[in-house]
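Data first, discussion second: the structure below is written as structure tokens.
The values are calculated or read from the model by the stated rules, or taken from the named source; none is laboratory data. Small disclaimer: the values here were computed from a predicted structure and weren't measured. Neighbour counts run over all protein chains shown; Cβ positions are idealised from the backbone, glycine included. What goes into the accessible areas is simple: the full protein's heavy atoms, side chains included, and nothing from ligands, DNA or RNA. Shrake-Rupley method; radii C 1.70, N 1.55, O 1.52, S 1.80 Å.
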Amino acid sequence: MNLGPTVNTEYDEDFPNIFNEGKELYFSSNGFPGMGGLDVFKSEAVEGEWSEVVNGGYPLNSSADDLYLAL
């Protein structure tokens, strides 16, 4: 499902996971500035809209492809 330009880019968004009762979205993308190929990003549901994405940073991400988050 396309979540709009805040989350989706013209590149790859993969491996979406929803946590915290639908309030947190974690996914991999190579369409936002990152540390490697695919990085793990987070967006939060705020009043029915997804917030700007935040890169998970080190040590969650590396210079390699980081594909998914499992809690």
Subject >> Some residue of the stretch 7-17 being in a loop (DSSP other than H, G, I, E, B), surrounded by 12 or more Cβ atoms within 10 Å (Cβ to Cβ) and in contact (Cβ under 8 Å) with a residue 24 or more places away in the chain >> reply: yes
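Got a number for residues in the stretch 18-34 being surrounded by 12 or more Cβ atoms within 10 Å (Cβ to Cβ), more than 16 Å from E52 (Cβ to Cβ) and at pLDDT below 95? Quick ask: steps written out before the conclusion?
Pass one, the stretch 18-34, residues surrounded by 12 or more Cβ atoms within 10 Å (Cβ to Cβ): 18-19, 24-32, 34.
From what's left, more than 16 Å from E52 (Cβ to Cβ): 18-19, 28, 30.
Now drop any that are not at pLDDT below 95, which leaves 18-19.
Going through the stretch 18-34 one residue at a time, the tally reaches 2.
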Subject >> Search result, residues across the stretch 54-69 that are under 14 Å from D14 (Cα atoms) and among the hydrophobic types (A, V, I, L, M, F, W, C) >> reply: L67, L69
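Got a number for residues in the stretch 1-29 being among the hydrophobic types (A, V, I, L, M, F, W, C) and within 10 Å of the chain's Cα centre (by Cα)? Give the steps one after another, and end with the answer.
Here is the first cut: in the stretch 1-29, the residues among the hydrophobic types (A, V, I, L, M, F, W, C) are 1, 3, 7, 15, 18-19, 25, 27.
Restricting the remaining residues to those that are within 10 Å of the chain's Cα centre (by Cα) gives 7, 15, 25, 27.
Looking only at that region, the number is 4.
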Subject >> Options L67, L38; residue that is farther than 17 Å from N20 by Cα and either open to solvent by 50 Å² or more (accessible area, probe 1.4 Å) or touching a residue at least 60 places away in the same chain (Cβ under 8 Å) (or both) >> reply: L67
